[in-house]
1. Nearest-5 percent of antiparallel DSSP beta bridges in the chain?
2. Counting pairs of alpha carbon atoms under 8 Å apart in space and at least six apart in sequence, what relative contact order in percent does the chain give?
3. For the chain, what are Rg and Dmax over the alpha carbons, in angstrom?
4. Starting from 0.36 nm per residue, how many nanometres of slack lie between residue 95 and residue 27 once their C-alpha separation is accounted for?
5. Could you give the C-alpha radius of gyration of the range 45-108 expressed as a fraction of 2.2 N^0.38 Å, taking N as the number of residues it contains?
6. Using only Cα atoms, find the angle between the long axis of helix 149-164 and the longest principal axis of the chain, and express it within 0 to 90 degrees, rounded to the nearest 10.
7. Can you give the FRET efficiency to the nearest 0.05 for residue 138 and residue 18, using r as the Cβ-Cβ distance and R₀ = 45 Å?
8. At a Förster distance of 25 Å, what's the computed FRET efficiency of residue 41 paired with residue 9, Cβ-Cβ distance as r, to 0.05?
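Read the figures in this text as sums done on the coordinates, not as results from a lab. Small disclaimer: the values here were computed from a predicted structure and weren't measured. Using ideal geometry, Cβ is built from the backbone for each residue, glycine included, and neighbour counts are taken over all protein chains shown.
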Ligand SMILES: Cc1cc2nc3c(=O)[nH]c(=O)nc-3n(C[C@H](O)[C@H](O)[C@H](O)COP(=O)(O)OP(=O)(O)OC[C@H]3O[C@@H](n4cnc5c(N)ncnc54)[C@H](O)[C@@H]3O)c2cc1C
């Protein structure tokens, strides 16, 4: 069964008190406990101090994951990778970190292999399993799948109802 989950977009926590929280938009929500998960910031301090090119989104690397300083590579979340389609792209998914770590190592050994990877991510929101591939900010298509007709109906009903509640 799907649990009742409300998602408030464009909101932030303003105040946390003993029995709940107040959002920037003025909503008061009751809670037993509050988990704040507000993303990460790449640690580029060491690169900045070394004169390696950094922009707001990470350490700049070319398609071989090499920085502007020859022989210095960056991989994983911190790397802002040259991508022929997106031009620059920083990805926060573990399979990209694993792939780029290996690719950087190979290129350090002289292989000269270009970044060529479609990162994917999954998440479970209670019983709802979500998978995404590639760039999700401006997606081309999405697919809804369910193990049974009943479950699919339940998802549609949930999505329909949740657009009218709150
Ligand atoms: C709460 C949360 C949930 C996530 N869930 C998912 C998920 O469901 N699926 C998914 O695909 N991805 C998920 N991610 C993202 C995933 O964890 C990251 O993409 C992945 O861990 C990145 O690996 P990394 O090696 O690049 O960086 P990290 O795992 O962050 O490792 C970087 C390491 O470098 C160390 N470090 C930093 N600066 C220095 C320095 N100057 N000197 C020495 N060491 C330094 C840090 O301490 C750290 O140990 C999640 C991330 C978070 C925070």
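1. In the chain, approximately 85 percent of DSSP beta bridges are antiparallel ones.
2. The value is 14 percent.
3. According to the Cα coordinates of the chain, Rg and Dmax are 20.8, 58 Å.
4. Result: 20.8 nm gained on full extension.
5. My calculation over the Cα atoms of the range 45-108 gives 1.00.
6. The helix 149-164 is inclined about 80 degrees to the chain.
7. 0.65
8. My answer for the efficiency is 0.75.
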